[in-house]
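This report refers to the structure that appears directly beneath it.
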Amino acid sequence: RDDKGRLDGYVSSFVDMSQHHRDQQEIRQLAYFDVLTGLPNRRMFLEELRSALTQVRQKGGHGTLIFVDLDHFKMLNDSHGHSMGDELLCIISERLRQAAGTKWLVARLGGDEFVVMQRGLAADLSLARAQADGTAQTVRDAILLPCVLGVSPRDAEARHEARHEISHCCSGSLGVTLFDGRDQEVIEIMRRADIA
């Protein structure tokens with residue numbers, strides 16, 4: 001301000017927050033999503049399951065949780081290498097994601113374990129069971145499709161080497177449980193699906 005207190009000029013300071021926002025997004029991605037498959041991870045899944053429990057308590061109806069454990073995954077890793085196992089996990093993840101669309105949540109808990117959660121099933125128990133069975137059948141069908149897995153050395157193209165491909169038929173053990181929110185907690189629902 002000048003001698004008489006009138007505004008004489010401005011000083012402005014600007015900070016570019018773009019990098020900060022990118023960093024925040026990356027932190028969220030690392031905290032809530034599986035690095036290999038891009039699916040929600042255990043942490044995000046547990047938060048979503050808590051939210052689903054609250055929803056069914058307030059609005060009624062049922063939800064279903066399907067535990068998926070790929071069969072003989074360790075044997076694939078041991079006989080063909082971890083890159084083949086990683087490729088299989090990515091293929092199965094994408095199939096489950098496509099089958100789920102916006103209807104279900106698909107997450108990878110770790111290793112060869114996945115979970116599928118569906119909200120908004122019927123209030124009638126027998127109808128909710130039929131809906132859960134239909135979801136489990138869709139999950140099963142997605143897993144059972146044969147997978148073509150290939151491993152190529154990094155410099156294979158430069159050396160004109162052929163890719164090593166195998167056709168792998170995958171199966172999975174599925175455990176299905178329903179929840180309605182009454183006297184149920186997240187750990188109990190997870191335990192029931194795992195045991196099933």
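The values are calculated or read from the model by the stated rules, or taken from the named source; none is laboratory data. Treat the numbers as computed from the prediction; the structure is a model and nothing was measured. Note: ideal-geometry Cβ built from the backbone for every residue, glycine included; neighbour counts use all protein chains shown. Please note that ligands, DNA and RNA were not included when accessible areas were found on the heavy atoms of the full protein model with its side chains. Shrake-Rupley method; radii C 1.70, N 1.55, O 1.52, S 1.80 Å.
Observations
- For the stretch 1-35, filtering for residues that are part of a loop (DSSP other than H, G, I, E, B) and either open to solvent by 90 Å² or more (accessible area, probe 1.4 Å) or touching a residue at least 60 places away in the same chain (Cβ under 8 Å) (or both) leaves 14.
- Residues being touching an Asp or Glu at 6+ places or on another chain (Cβ under 9 Å) and crowded, with 20+ Cβ neighbours inside 10 Å - total across the stretch 96-108: 3
- Within the stretch 95-115, being outside any strand (DSSP E or B) and touching a residue at least 12 places away in the same chain (Cβ under 8 Å) holds for Arg95, Leu96, Arg97, Gln98, Ala99, Ala100, Lys103, Gly111, Asp112.
- Top-ranked residue in the stretch 13-57 [being modelled with pLDDT of 90 or more and of a type in the set (Gly, Ala, Ser); ranked as farthest from Gln118 (Cα to Cα)]: Gly38
- Residue in the stretch 69-77 that is within 11 Å of the chain's Cα centre (by Cα) and aliphatic (A, V, I, L, M) present: no
- Among strands (runs of 3 or more DSSP E) entirely within the stretch 136-196, having at least 3 residues that are modelled with pLDDT under 90 and open to solvent by less than 80 Å² (accessible area, probe 1.4 Å) singles out 147-151.
- In the set (1) under 25 Å from Ala128 (Cα atoms); (2) open to solvent by 30 Å² or more (accessible area, probe 1.4 Å); (3) among the polar types (S, T, N, Q), the condition left unmet by Thr64 is number (2).
- When Leu49, Leu39 are checked against the criterion of being touching a helix residue (DSSP H, G or I) at 6+ places or on another chain (Cβ under 6 Å), closer than 19 Å to Leu178 by Cα and touching a residue at least 60 places away in the same chain (Cβ under 8 Å), Leu49 stands alone in meeting it.
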